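One structure is given here, and the rest of the page talks about it.
The values are calculated or read from the model by the stated rules, or taken from the named source; none is laboratory data. The structure displayed is predicted, hence computed values, not measured ones. Heads up, the Cβs are rebuilt from the backbone with ideal geometry, glycines too, and the neighbour counts pull from every protein chain shown.
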Amino acid sequence: MADQLYLSLWFPNFRFDTLSAALVCVMRQFALISKDSRVAAASVYPISFNEAPTYQRIYVNDDRAEDTSGSIIENAVAEATEQLHDDMAYEFEMRWKLWSPVDPDPQPPDPNIDIYPEFESVRLDPLWKPQPATVKILGFGPKFDDASFEQNGHIRIDFGLDTPWLAETLNDEELDEQATKHIQQNVEMLLAFTLSVEKNCGISSRLLWTESGEPLAQKLIDRLQRVN
């Protein structure tokens, strides 16, 4: 079953007024791995995620925009955190491309040609293509959601469902050499980002975790063992 995947970061002797700089550092590391240095959206939540955002901006980074300077990491963080409040959470969306199976698009059958029943259930192998995926990078005020940063981290990265690292939409028999290779490439991107943050952002600890509490590494091992 698909599971939400998170990376929580804690900083030593953390001061809330350094949150903006910490966010910029983490987002820069993500941009290095994703090869996309633009912010897609920014939101600020008061009190808890049950409240409506007090600030929200969606950036247009394609040919429709006359000026995309606002979506530069430093500019987007500076605007969203212009007024820091210790009971708010600051969320920034960025994107990267992960390998994902895509069902092939076969031509519809010709009604004038008879199809033998034994061939009606034939399924083409899925194609693997890089697909855009949204990652949310959040900085927490010390009083947001009853000081949940103690469990969530001063900064938390929400990767979305762990499907790109487990390919659970595929049956075991479809997890062939090609699929295993692309899952490994996705895992390498995840690890590269995590290690880059650890090396360059001065964190004191980190935790990669899933909503169910089951470690991603163990889920990946179990998945591959079913095949091999």
Can you name every one of the strands (runs of 3 or more DSSP E) wholly within the range 1-58 that holds 2 or more residues which are more than 18 Å from Asp86 (Cα to Cα) and of a type in the set (S, T, N, Q)? 4-10
Taking Glu150, is it farther than 23 Å from Lys219 by Cβ, loosely packed, with under 13 Cβ neighbours inside 10 Å, under 24 Å from the mean Cα position of the chain (by Cα) and modelled with pLDDT under 90? yes
Tell me, please, whether a residue that is surrounded by 14 or more Cβ atoms within 10 Å (Cβ to Cβ), over 17 Å from Asp3 (Cβ atoms) and in contact with a helix residue (DSSP H, G or I) (Cβ under 8 Å, 6 or more places away or on another chain) can be found in the range 156-171. no
Hey, Val24 hits all of (1) in contact with an Asp or Glu (Cβ under 7 Å, 6 or more places away or on another chain); (2) at positive phi but one; which does it fall short on? (2)
Among the residues of the range 59-79, count how many are within 19 Å of Lys136 (Cα to Cα), in contact with a helix residue (DSSP H, G or I) (Cβ under 9 Å, 6 or more places away or on another chain) and either of a type in the set (Gly, Ala, Ser) or assigned to a loop (DSSP other than H, G, I, E, B) (or both). 6
Some residue of the range 124-134 being at pLDDT 95 or above and crowded, with 21+ Cβ neighbours inside 10 Å: no
Qualifying residue in the range 80-94 (condition: modelled with pLDDT of 85 or more, small (Gly, Ala, Ser) and more than 30 Å from Glu214 (Cβ to Cβ)): yes
Subset of the range 136-147, residues outside any loop (DSSP other than H, G, I, E, B) and buried (at least 21 other Cβ atoms within 10 Å of the Cβ), comes to Ile137, Leu138, Gly139, Phe140
Could you check the range 149-163 and list, in sequence order, the residues that are assigned to a strand (DSSP E or B) and aromatic (Phe, Trp, Tyr)? Phe159
List the pairs whose first member sits in the range 193-204 and is acidic (Asp, Glu), whose second member is surrounded by 13 or more Cβ atoms within 10 Å (Cβ to Cβ), and whose Cβ atoms are under 7 Å apart, counting only residues at least 6 apart or on separate chains? Glu198/Arg206
What number of residues in the range 12-38 are at pLDDT below 95 and aromatic (Phe, Trp, Tyr)? 2
Among the residues of the range 44-79, count how many are within 20 Å of the chain's Cα centre (by Cα) and free of Cβ contacts under 8 Å to residues at least 40 places away in the same chain. 9
Is there a residue being polar (S, T, N, Q), touching a strand residue (DSSP E or B) at 6+ places or on another chain (Cβ under 6 Å) and surrounded by 19 or more Cβ atoms within 10 Å (Cβ to Cβ) anywhere in the range 50-58? no
Considering residues of the range 95-123 that are part of a loop (DSSP other than H, G, I, E, B) and polar (S, T, N, Q) only, the residue modelled with the lowest pLDDT: Ser121
Would you be able to tell me the number of residues in the range 146-197 that are in contact with a strand residue (DSSP E or B) (Cβ under 7 Å, 6 or more places away or on another chain) and on the phi > 0 side of the Ramachandran plot? 3
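Residues are listed down the side, and each one gets a yes or a no for (1) surrounded by fewer than 16 Cβ atoms within 10 Å (Cβ to Cβ); (2) in contact with a Phe, Trp or Tyr (Cβ under 9 Å, 6 or more places away or on another chain):
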position	(1), (2)
Leu32	yes, yes
Val60	yes, no
Met88	no, yes
Met94	no, yes
